[in-house]
Amino acid sequence: MADFHERLRGLLLEENARIDGIYHCPHHPEGEVERYRRACDCRRPGSGLFDRARDEMGIDLGRSFLLADSEAALRSAVAAGVQPILVRAGTIDEAVNLALSRNTPSEATTR
């Protein structure tokens, strides 16, 4: 996973972009790897990953948004006080541009 994240950061740096933090939940209540087999608040629809990013980077979650592709991601954003944007189709660039062009984005449906 660390190699993937480093490659992603490198590709973004080539485009003058950066990622300040990458957060993921390795847990699953029915997982095969015993040390990760548990329920937790960082697994969607919990808000734990948002809370961690807020605490570590001083993020104002009320001024943040999440591009979501599932109901669980939407519920997770709402639980954290983050504005969810449902991406139904199109490219991520189209969804971001549409979301940024709206005052209160709620759904980004692109073609």
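The values are calculated or read from the model by the stated rules, or taken from the named source; none is laboratory data. What you are looking at is a predicted structure, and each value in this text was computed from that prediction instead of being measured. Glycine gets a Cβ as well: all are built from the backbone with ideal geometry, and neighbour counts include every protein chain shown.
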Restricting the stretch 7-58 to residues that are among the small types (Gly, Ala, Ser) and under 24 Å from residue 82 (Cα atoms), the residue that is surrounded by the fewest Cβ atoms within 10 Å (Cβ to Cβ) = 58
List pairs: first in the stretch 23-43 and closer than 15 Å to residue 53 by Cβ, second among the basic types (Lys, Arg) and surrounded by 14 or more Cβ atoms within 10 Å (Cβ to Cβ), Cβ under 8 Å, 6+ apart or cross-chain?
-> 23/52; 25/43; 25/44; 42/52
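When the residues of the stretch 59-74 are narrowed to those that are part of a helix (DSSP H, G or I) and of a type outside the set (Lys, Arg), which ends up surrounded by the fewest Cβ atoms within 10 Å (Cβ to Cβ)? Even if it seems obvious, please write down each step before you answer.
Our first condition is that a residue be part of a helix (DSSP H, G or I); within the stretch 59-74, this holds for 61-63, 71-74.
Okay, now just the ones that are also of a type outside the set (Lys, Arg), so 61-62, 71-74.
Working: 61: 17, 62: 9, 71: 11, 72: 13, 73: 18, 74: 20.
Top of the filtered list is 62.
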Could you please let me know if residue 96 is out of contact with any Leu (no Cβ under 6 Å at 6 or more places or on another chain) and modelled with pLDDT under 90?
-> yes
Checked the stretch 77-93 for anything modelled with pLDDT of 75 or more and either of a type outside the set (Gly, Ala, Ser) or touching a Phe, Trp or Tyr at 6+ places or on another chain (Cβ under 7 Å) (or both); matches are 78, 80, 82, 83, 84, 85, 86, 87, 88
Can you name the residue in the stretch 9-22 that is closer than 19 Å to residue 53 by Cα and aliphatic (A, V, I, L, M) and is also farthest from the chain's Cα centre (by Cα) among such residues?
-> 17
